[in-house]
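Computed from the coordinates by the stated procedures, all read-outs in this text should not be read as laboratory data. In this text the structure is predicted, and so the values were computed from the model without any measurement. Here the Cβ positions follow ideal geometry from the backbone for every residue, glycine too, while neighbour counts run over all protein chains shown.
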Amino acid sequence: PGMTATAVARDLGLERSVLRRWMLNAEEGRTDLTPGRPLKSDSQAELEQLRRELARVKMERDILKKALGYFAKDPT
């Protein structure tokens, strides 16, 4: 209270336009500012988790492909 948007943005290390957009979204009810609620929706969090898991599985697959190639060349 009593501070300008420019001063608040500067204190937070944000561009004034970013802060202003957040303020407009809050005024229009497009954001849920309930304390304790996650900022991301459940579907967004699940999507991020699935992308991380997919990246891990691809890495494991690539390692196994390289191991298979290495052992296939072994003359034993």
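Note on LEU50/ARG21: beta-carbon distance plugged into 1/(1 + (r/R0)^6) with R0 of 25 Å gives a FRET efficiency of 0.30.
With 0.36 nm allotted per residue and the present C-alpha distance subtracted, the LEU12-GLU28 stretch has 3.5 nm of extension available.
The label-point distance for ALA5 and ASP42, in a model that sets each label 7 Å from Cα toward Cβ, rounds to 3.4 nm.
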